[in-house]
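For reference, the structure discussed in these notes is given below.
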Amino acid sequence: MILALTLEKLIESVEDMPSLPQVVTEIIRISEDPNSTPQDVQKLLAQDQVLTAKILRLANSSFYGFARRINTITEATILLGFQTIRSIVFAASVGNFLTKSLGGYQLDQNELWKHSQAVAMTSRYIARQKRFKNPEIFYTAGIIHDIGKLVLNQYLQEDYQKVLSLIYDEGYDFLKAEETVLGFNHAQTGMKLAEKWNLPPEMVEAIGCHHSPEEAKINPTLSSVLHISDSIALMMGFGLGIGGLAYNFSDFALQTTGIDGQQIENILPAVTDLMVDKSSFEIF
Ligand SMILES: [Fe+2]
Ligand SMILES: [Fe+2]
């Protein structure tokens, strides 16, 4: 409880704390209203040409697999569906927060964004392969799973040497080093931010449990897939930084998702293929 209070204070005290973009709140509302039409999405985005261009670039990337060109938001919504357009809008607007460099994590500009996009794409791929319900929530959770790093970065920068020495001299894993130096880790911090954004409880939980999927109660599958995709993205070299020093696959996550070593070997080349198209990454 004390931890929760302190974390909340921390979240409140951060000056440039990102707030959930209005367009995301709106797209969630539209996609949940059964009376919505593709024109409602078009209307929502009509004011923002920059965002529209990013959305169309993503919609036309090979990740979505459309052979012919999608030229308008209405067309994208018809062809891809409300749930998918919602995740694309989410990625194109929230993803913007993830592009700045995070010195405390040794992440260069765009690196956290690329890592998050890789985790999101891998998560959705796994959810589809395994026929898990609502694959789009796997994608969206992947986009924001490390959002806590944005908050902790400024504090970490000050105590950076301490964290490094805990990792290299004391053999701490990265999460434990964060907890020791800052009082909490980036997963707990991201969870608080997601709560503040009123994201669905299963998404809030998955952000909090992406390094400890065995603690998930609402949707252990979502946390487990995020955890596995995180490790896969790091293996592929997406967003190592200091947080990526020690990646592993939790037994709980493997059991929960029914994924074994052989399947991970199959997932790797499949998602590598999805990531070849730069349109999925170079939108900012
Ligand atoms: Fe993480
Ligand atoms: Fe991550």
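Counting Lys and Arg as +1 and Asp and Glu as -1 over every other residue whose Cβ lies under 14 Å from the Cβ of S93, the net charge comes to +1. Once neighbouring chains are kept in place and the probe is 1.4 Å, which whole percent of the accessible area of segment 145-279 is contributed by carbon and sulfur? Exposed carbon and sulfur together represent 49 percent of the surface. Annotation: average projected area of the chain is 14.6 square nanometres, based on the convex hull of Cα atoms across all directions. Using a cutoff of 8 angstrom between alpha carbon atoms and counting only pairs six or more residues apart, the relative contact order for the chain works out to 20 percent. Among the helices of the chain, those built from whole DSSP H runs whose Cα atoms reach 20 Å or more along their own axis and whose mean Kyte-Doolittle hydropathy is at least -0.5 are 220-235, 261-275. Potential lengthening of the chain between Q39 and A67 amounts to 7.8 nm, from the contour at 0.36 nm per residue minus the alpha-carbon distance.
Label separation (T180 vs N134): 3.8 nm, computed from points 7 Å beyond Cα along the C-beta direction. What is the count of Lys pairs in the chain whose alpha carbons sit under 14 Å apart, if the two are 8 or more places apart or on different chains? Summing the qualifying lysine pairs gives 8. Net charge dipole, the chain: roughly 980 debye, given to the nearest 20, about the Cα centre with Cβ charges of +1 for Lys and Arg and -1 for Asp and Glu.
The values are calculated or read from the model by the stated rules, or taken from the named source; none is laboratory data. As the structure is a prediction and not an experimental result, all values here were calculated from the model. FYI the Cβ positions are ideal-geometry reconstructions off the backbone, even for glycines, and counts take in every protein chain you see. To get the accessible areas, we keep the full protein, side chains included, count just its heavy atoms, and leave off ligands, DNA and RNA. Shrake-Rupley method; radii C 1.70, N 1.55, O 1.52, S 1.80 Å.
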